[in-house]
Amino acid sequence: MPLLKVQDFINNKLISDEKLSPVYLFIGEESYFVDLCLKKIEKFRVVSDLDREVFYASETCVEDILNSLRTLPFLDDKRMIIVKAVNKIRAIDAEKLANYLQNVVETSCLVLLYLDNLKKETITKRKEFVNKCINSKNCVSVDCRKRYKSEIKEFVKKEFALKGKTILDSVILRIINENDTSLLNISNEVEKLSLFVGKNRKDVTQDDLERMRGYTTEESTYALSLNLESKNLKKSLLVLEKLISVGEELLLLLSVISSFVRRMLNAKSMFEEQGISSTEIAFRLGISKFYTKDFFLNLKKHDVKSLKKCLRTILEADTAIKTGGSYAAISILEKTILLICK
């Protein structure tokens, strides 16, 4: 079956009682789309905890996955086996799992999450496995790649349209620039702005965005990025505490910090090592002209060594969150902010 577009998968009736595919592959770096596709399946096929298992390919022996697939359902008619981080599966395990495509178990649904760009794949066996999934009649594969800015602009328009709103292109551009093209952050921004405008008005304006910022700045992920950028330790920790207290997901907060660190490292590299002009850097990184001056003033406050050290602590936080260690994850997020702002 050919690689499907996300919207085709979400909007069309590709999941039904009569024909739930034995295998699903969601491939691409855009976690927002991957989560959207996974939620569609889980919403349709609600299974008990006893018939649902989650594995991380980088940490699991493939035999454990295969044994789980072959286990008969306990309370439901199908088991759901979700394998995350397939982009990190070992070559030998990829080869073994590929054989499953030819001899699937009808009482199990295997969901594979490959959160990376297949074009960048360097492990032959892993790339072969993904291509076999895409070409298999037993697998539905969905393209969850990151979107270009031009595509994200249309995405924002459609998101507002679904909420009965229209929005100016200038406001869309600012939303995109402030959220580093992260669809998860942008989707949250659309939700907040639509609620702020209210049901009785359709047009969303620049003034609405400004007024909303005035009400929510201290509790926004955007405020967290701005305070990290200026190395304001006190405000950064305060914003983090408020975001956690209102129930913001730790993975989202980690994504915000991670995006900030990568952005600063890219800017430092282009500015200090490659000698690229600030105007060109601003263009490449999508920095709004309203913030270019402040951005480069703040850039001087950061050093490459500390930023690279932050990436290691971000990896620790990611592991802690995925293993259910929320308290440890919060502690590591605070540690990362200390490293950035010290």
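The values are calculated or read from the model by the stated rules, or taken from the named source; none is laboratory data. Please read all numbers here as calculations on a predicted model, not as lab measurements. Because the Cβ atoms are built from the backbone with ideal geometry, glycine has one as well, and the counts that use them run over all protein chains shown.
A few remarks follow.
- Filter result (crowded, with 18+ Cβ neighbours inside 10 Å and not charged (D, E, K, R)) within region 182-191: S182, L183, L184, N185, I186, N188, V190
- Checked against the criterion of being hydrophobic (A, V, I, L, M, F, W, C) and surrounded by fewer than 16 Cβ atoms within 10 Å (Cβ to Cβ), region 199-221 contains not a single residue that satisfies it.
Every residue, every condition in (1) over 21 Å from I186 (Cα atoms); (2) modelled with pLDDT of 85 or more; (3) more than 21 Å from the chain's Cα centre (by Cα), yes or no:
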position	(1), (2), (3)
G247	no, no, no
A267	yes, yes, yes
A282	no, no, yes
F290	no, no, yes
A317	yes, no, no
S331	yes, no, yes
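- Complete set of residues in region 72-102 that are part of a loop (DSSP other than H, G, I, E, B) and among the aliphatic types (A, V, I, L, M): L72, L75, A85, I89, L101
- Just one of the listed residues (I314, I281, I276, I332) is free of Cβ contacts under 8 Å to residues at least 40 places away in the same chain, under 24 Å from K234 (Cβ atoms) and in contact with a helix residue (DSSP H, G or I) (Cβ under 6 Å, 6 or more places away or on another chain), namely I332.
- Filtered residues of region 103-126 (kept if in contact (Cβ under 8 Å) with a residue 12 or more places away in the chain and assigned to a loop (DSSP other than H, G, I, E, B)): V104, V105, E106, T107, L115, D116, N117, E121, I123
- Yes/no for I257 being closer than 30 Å to S170 by Cβ, in contact with a Cys (Cβ under 9 Å, 6 or more places away or on another chain) and not hydroxyl-bearing (S, T, Y): yes
- Where helices (runs of 4 or more DSSP H) fall entirely within region 229-339, those with at least 3 residues that are of a type in the set (D, E, K, R) are at 233-245, 250-268, 304-322.
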